[in-house]
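Any read-out appearing in this document is the output of simple, stated calculations on the displayed coordinates, not a laboratory observation. Note that the coordinates shown come from a computational prediction; the quantities given were computed from them, not determined experimentally. Using ideal geometry, Cβ is built from the backbone for each residue, glycine included, and neighbour counts are taken over all protein chains shown.
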2 protein chains.
Amino acid sequence: MLSKNEIKLIKSLKYKKQRYLNKMFVVEGKKSIYEFINSKFVLHKLFSIDISEFSVNNVVRLSKSELEKISFLSNPNDHLAIFKIPNEKPVNKNNLLVGLESINDPGNLGTIIRTCEWFGVEDIVCSLDSVDCYNPKVVQSAMGSLSRVNITYLDLENFLNSESLNRFGTFINGESVYENKISTDNGIVVFGNEANGISSNLRSLIDVELTIPRFNNKSYPESLNLSNSLGIILSEFSRKSNEKKN
Amino acid sequence: MLSKNEIKLIKSLKYKKQRYLNKMFVVEGKKSIYEFINSKFVLHKLFSIDISEFSVNNVVRLSKSELEKISFLSNPNDHLAIFKIPNEKPVNKNNLLVGLESINDPGNLGTIIRTCEWFGVEDIVCSLDSVDCYNPKVVQSAMGSLSRVNITYLDLENFLNSESLNRFGTFINGESVYENKISTDNGIVVFGNEANGISSNLRSLIDVELTIPRFNNKSYPESLNLSNSLGIILSEFSRKSNEKKN
């Protein structure tokens, strides 16, 4: 059974302000919930139409129609969990970092988290105006990777200024990422806002400006999708770093 | 002014059946509309709050509120155009092709069209059950590239069976795309459905099974996002083909 207060709480977690007031966020879908349970995240409460699927405390059995009432999805899943938002962990600067400036689209951020984990990136630092990583659409598209990749919101300009890292950025007119010889296992690669790219303030702090060259004879398309660019850049970094080791 | 019939027509173009009955589809946003006007696509009618932006016939001035009535977007743009769906063009098999099996997500297909154009892929062949490329969400996320990339819906199994092409496919357990030595400017790379990958029927027709290796020591995430995988694979094909030329 669902109490009125529980319904109210869950619905409120759609909004960033309420998530941080309550220090809680929602995860839907069995696979993702398993991954969060098996991580350092702390489960607050789990609602499920089949509680035998989970061997944890704080599980409440719900009917399908009750679950539909609290789900954020248009095709509601059979399980919905509330996890606690953890305290921030320090950024590990010995590994390659990804920096995101003013990223807006929650689906983009989710895909980026998943792709970062694939390529061994363990820390993402986001400018303070970037979309919140506990937004339900981010959680959904990150598919469990959010439980293992550390995401920190900070003043990105300050961070770049104060850290002695190799600072890479992606631009329309940089050096080809295929030809750039630097192979690094640490440093930071910065990606800008979906529509505007990296701001001029941040640009002045970048050491190496990289580009994915267009392999056609046209001036179209103007750009690649942000998460696709990130996937290609991380793929190139990984390939080169792996070649150096072998 | 908008007639009732125009409103009815435009709203109906949200649905595939109506698009093909009317042989028309909708493009929103000035940039994309410009790109379609400058392509081989034929404009049927353009609705705009500022008709001075366009030097074409068949332009109708609308108020902002009238445009909001017909837009498919949650943040309606100032311009909406109806273009004619062209007749199918033959597939050019002398260039690298992309094959898509049972792709479902319109946003994915849109991003894929844009990324294909970036890497010089001029033809995409889709299985008949794939999402329609004139779906408004595909048009939106393809950002004009749909006006230049040729998309053909066909029986993919028949196509792979009857054509003498190098047939590549992406799988979880294939050869590393970084280590595979084949560099080709033609052939076809096949990508499977978002959730299920390439079907066993199609798999039996693939010559080379490729994988993007995971660069972490974990068994997570299970997979990369489809359009990200495609971007990385096309990036590797382009890089190798370019190295061979130089």
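Some notes on this structure:
- Ratio Rg/Rh [Cα only; Rh per Kirkwood] for chain B: 1.03
- Among A:60, A:125, A:138, the residue with the largest mean-square fluctuation in a Gaussian network model of chain A, with springs joining Cα atoms closer than 10 Å, is A:60.
- Spin-label proximity, residue A:204 to region A:150-188 - amide N less than 17 Å from point 7 Å beyond Cα toward beta carbon: A:156-163
- Two-site FRET efficiency, residue B:18 against residue B:74, from Cβ-Cβ distance with R₀ of 22 Å, rounded to 0.05: 0.55
- Rounded if a/c under 1.5, otherwise prolate or oblate - region A:4-84, Cα gyration tensor axes: oblate
- Chain B - mean residue ellipticity at 222 nm from DSSP helices (-39,500 (n - 2.57) per run, n ≥ 4, rounded to 500): -9500 deg cm²/dmol
- Over the protein assembly as shown, the alpha carbon radius of gyration divided by the compact-protein estimate 2.2 N^0.38 Å works out to 1.02.
- A Förster radius of 22 Å combined with the Cβ-Cβ distance from residue A:31 to residue A:63 puts the calculated FRET efficiency at roughly 0.50.
- Exposed loop sites were defined as trypsin sites (Lys or Arg not before Pro) in DSSP loop states (anything but H, G, I, E or B) carrying at most 12 other C-beta atoms within 10 Å; in chain B the longest segment without such a site runs B:41-180.
- For region B:188-246, the list of GluC sites (Glu not before Pro) that fall in a loop by DSSP and count at most 14 other C-beta atoms within 10 angstrom reads B:222.
- Structure note, pairs A:45/A:137; B:17/B:45; A:64/B:8: Cα-Cα distances above 29 angstrom occur for A:64/B:8.
- Cβ-derived FRET efficiency at R0 41 Å, residue A:94 paired with residue A:56, nearest 0.05: 0.75
- To the nearest ten degrees, helix A:226-245 and the longest principal axis of the Cα atoms of chain A are 70 degrees apart.
- For region B:94-181, GluC sites (Glu not before Pro) meeting the loop criterion (DSSP other than H, G, I, E, B) and having at most 16 other Cβ atoms within 10 Å: B:163, B:179.
- Legend: mean number of C-beta atoms from other chains within 10 angstrom of residue C-beta atoms, peptide B:108-120, equals 5.
- Note on chain A: antiparallel DSSP beta bridges, both residues inside, total approximately 30 percent of the bridges counted.
- For region B:171-246 versus region A:29-103, the gap between their alpha-carbon centres in whole angstrom: 31
- Residue B:2 versus residue A:172: modelled label distance in nm, points set 7 Å from Cα along the beta carbon direction: 3.3
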